[in-house]
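The values are calculated or read from the model by the stated rules, or taken from the named source; none is laboratory data. Here the structure is a predicted model, which is why all the values come from computation and not from measurement. Neighbour counts are summed over all protein chains in view; Cβ atoms, including those assigned to glycine, are modelled from backbone coordinates with ideal geometry. With ligands, DNA and RNA removed, areas are computed over all heavy atoms of the protein, side chains included. Shrake-Rupley method; radii C 1.70, N 1.55, O 1.52, S 1.80 Å.
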Amino acid sequence: MADKSRLRWPFAIRLLHWLSVVTFAIQIALSFGPMKGSGMASMLWLPSHISTGVLIFLLTVFRLVIRVCTRAPDRSPLLPARAAAALVQWCLYAFVLAVVITGWLAYRPMPLMPPARLFGSLPIPKAPSFAGLNARDFIAVHSTLFWVLATLVAVHVLVAAMHAVLFRDGVMSGMLFRRSREAKAEDGGFAG
């Protein structure tokens, strides 16, 4: 019998992955909900958008640190499949960081408005200025990078669904929290 634990991601990676999914969903709801409008309404939601972006950034950095220190689960013996999976994962990390950083670079407090505060209390550090680039330029880059990231996420979700429904190879279950049937059966003899 194959060792099913070798097919699962470490608990910390799985936890950070699903926390990232939740924060992305919140960020998308903010971006295409109350922030979609113009004027004061979108400005009122900007601190929440920035704070969620910081959470996404921190979760991604923690994931990267843990990911570098751990080995990926054993998967396909085919080198092209392993290489493609690794490439998509690292591109996701890179684009998440790029989207967050360009969002921060785009933030310029409006005159006569109090600066936005992270999580309602911490001041947002002022981004450096770059000659020839203004907030609108960074907003355009931020938006473009977001759509590239959204496309990568869609591909990631589609491939995960294919593994779960078509291939049934355990790739998707390696990121879930439920226990394998084998582990449940082993524990069944000890249950009262």
Determine whether residue 21 is under 19 Å from the mean Cα position of the chain (by Cα), under 18 Å from residue 143 (Cα atoms) and in a helix (DSSP H, G or I). no
Pairs, please: C-beta under 9 Å, at least 6 apart or cross-chain, first residue within 15 Å of residue 52 (Cβ to Cβ) and in region 100-125, second part of a helix (DSSP H, G or I) and modelled with pLDDT under 85? 116/43
For region 125-145, name all the residues that are in contact with an Asp or Glu (Cβ under 9 Å, 6 or more places away or on another chain) and open to solvent by less than 80 Å² (accessible area, probe 1.4 Å). none
Taking region 114-124, which residues are open to solvent by less than 60 Å² (accessible area, probe 1.4 Å), part of a loop (DSSP other than H, G, I, E, B) and of a type outside the set (Gly, Ala, Ser)? 124
Of those in region 156-186 that are at pLDDT below 85, open to solvent by less than 70 Å² (accessible area, probe 1.4 Å) and not aliphatic (A, V, I, L, M), the residue nearest to the chain's Cα centre (by Cα) is 170
Just checking, which of 63, 71, 82, 108 is touching a helix residue (DSSP H, G or I) at 6+ places or on another chain (Cβ under 7 Å), of a type in the set (Lys, Arg) and within 19 Å of residue 13 (Cβ to Cβ)? 63
Of all residues in region 50-69 being free of Cβ contacts under 8 Å to residues at least 40 places away in the same chain and open to solvent by 30 Å² or more (accessible area, probe 1.4 Å), which is farthest from residue 27 (Cα to Cα)? 69
Residue 31: among the hydroxyl-bearing types (Ser, Thr, Tyr) and in a loop (DSSP other than H, G, I, E, B), yes or no? no
Confirm whether residue 67 is over 12 Å from the mean Cα position of the chain (by Cα), at pLDDT below 90 and at negative phi. no
